[in-house]
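One structure is given below, encoded as structure tokens.
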Amino acid sequence: MSEYRTSNGPMAYRDHGEGSKDPVVLLHAFPLNSRMWDPQVEVLMGERRIVTPDYPGFGRSPHTPAQPDVRYYAEGVCGLLDRLGLERVVLGGLSMGGYVAFACLRLFPERVSGLVLANTRPDVDSEEMREGRKEMAHRVSQEGVEALIELMMPRLLAEETLRNDPEVVELVKTMILECSPDGVVAALGAMRDRPDSTLLLKEIGVPTLVIGGAEDAISTPDVMGAMAEEIPDARHVTLAGAGHLSNLEDSQRFNDALEEFLADL
Ligand code: MLT
């Protein structure tokens with residue numbers, strides 16, 4: 001694990017592999033960290049450089065400022081690309097990682113040569129979701145990140161995974177407990193107030209992989225399919241049996257789709 005200094009303090013990242021093609025940068029979901037990408041790092045690092053940051057307040061990155069917006073996280077990614085001298089990258093994000101990827105596209109579209117949108121959505125939160133985030137932030141400030149185990153596990157993983165894949169369940173719980181309460185509260189606010197990216201979809205000028213799980217209740221296959229239809233050069237893959245963390249729940253088929261997509265880039 002390495003780290004670089006932003007104007008808001010150090011930001012940690014993992015940096016593996018090498019290759020002549022554009023590096024891949026993968027942005028994690030809420031409330032996890034870069035370790036969620038380990039199954040992808042393992043297969044890709046033989047062919048490409050792959051960089052996975054921890055947002056401030058998550059994993060190994062220290063606390064985040066009181067109330068950032070999603071652009072703040074994208075600025076951190078931009079600073080990381082500068083620091084590593086990466087001119088152009090294939091950018092991927094899962095869920096909150098997708099929200100940050102949209103913010104990156106607004107900030108530095110010329111540096112993105114391919115896009116992976118996993119289990120994410122372009123629209124804004126409904127009033128009910130906004131209220132839910134406020135409630136979740138309140139619980140985390142009162143009870144700590146432990147409260148997220150009860151609140152998030154059933155949202156993140158398909159029932160089948162929760163029942164039959166103790167390794168993934170344990171990994172996700174561990175990552176949740178690695179978050180800082182401040183980081184979680186800040187990210188909840190940033191997601192709650194994120195801008196609508198629906199109109200951005202038509203402007204995406206690079207090949208895009210839209211990939212999700214059939215059992216994902218947050219970014220349903222319908223939402224993902226509609227998103228893919230708006231993007232000029234997108235392919236859409238739905239993994240049967242996987243929930244919101246499709247890259248962990250069915251890493252084999254996620255990796256197959258990712259490798260096939262990357263082969264053309
Ligand atoms: C995530 O997985 O990043 C979050 O669940 C996304 C969200 O709550 O909108």
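The values are calculated or read from the model by the stated rules, or taken from the named source; none is laboratory data. What you see is a predicted model; the values in this text were computed from it and never measured. Don't worry about glycine lacking a Cβ; one is built from the backbone with ideal geometry, like all the others, and counts go over all protein chains shown. Ligands, DNA and RNA are stripped out before the accessible areas are found, and what is left, the full protein with its side chains, is counted by its heavy atoms. Shrake-Rupley method; radii C 1.70, N 1.55, O 1.52, S 1.80 Å.
Brief remarks on what is shown
- Cα gyration tensor category, rounded, prolate or oblate, for the stretch 189-242 with a/c compared to 1.5: oblate
- Residues of the chain were split at every exposed loop site, defined as GluC sites (Glu not before Pro) in a DSSP loop with at most 14 other C-beta atoms within 10 angstrom, and the longest piece left, sites excluded, is 147-265.
- Sorted from longest to shortest, the spans of the Cα atoms of the stretch 29-110 along the three principal axes equal 39, 28, 22 Å.
- Where only DSSP H runs of four or more residues are counted, the chain gives -13500 deg cm²/dmol as its mean residue ellipticity at 222 nm, each run worth -39500 (n - 2.57).
- Surrounding net charge for Ser34, when Lys and Arg each add one and Asp and Glu each subtract one, Cβ distance under 14 Å: -3
- Computed over the chain: relative contact order in percent, which uses C-alpha pairs under 8 Å that are six or more apart: 21 percent
- Per residue, in Å², the accessible surface of the chain once ligands and nucleic acids are set aside, probe 1.4 Å: 42 Å²
- Distance from the stretch 101-119 to the stretch 232-265 (C-alpha centre basis), Å: 17 Å
- Surface share of carbon and sulfur [accessible, 1.4 angstrom probe, percent] for the chain: 47 percent
- In this Cβ point-charge picture (+1 for Lys and Arg, -1 for Asp and Glu), the chain has a dipole of about 740 debye about its Cα centre.
- Net length gained if the chain between Glu42 and Leu86 were fully extended (0.36 nm per residue, minus Cα distance): 13.8 nm
- Net charge contributed by nearby residues that have their C-beta within less than 13 Å of Ala257 (K/R +1, D/E -1): -3
- Prolate/oblate/rounded call for the chain, Cα gyration tensor, a/c under 1.5 rounded: rounded
- Note on the chain: with a GNM built from Cα contacts shorter than 10 Å, the maximum mean-square fluctuation among Gly132, Gly241, Gly85 falls on Gly85.
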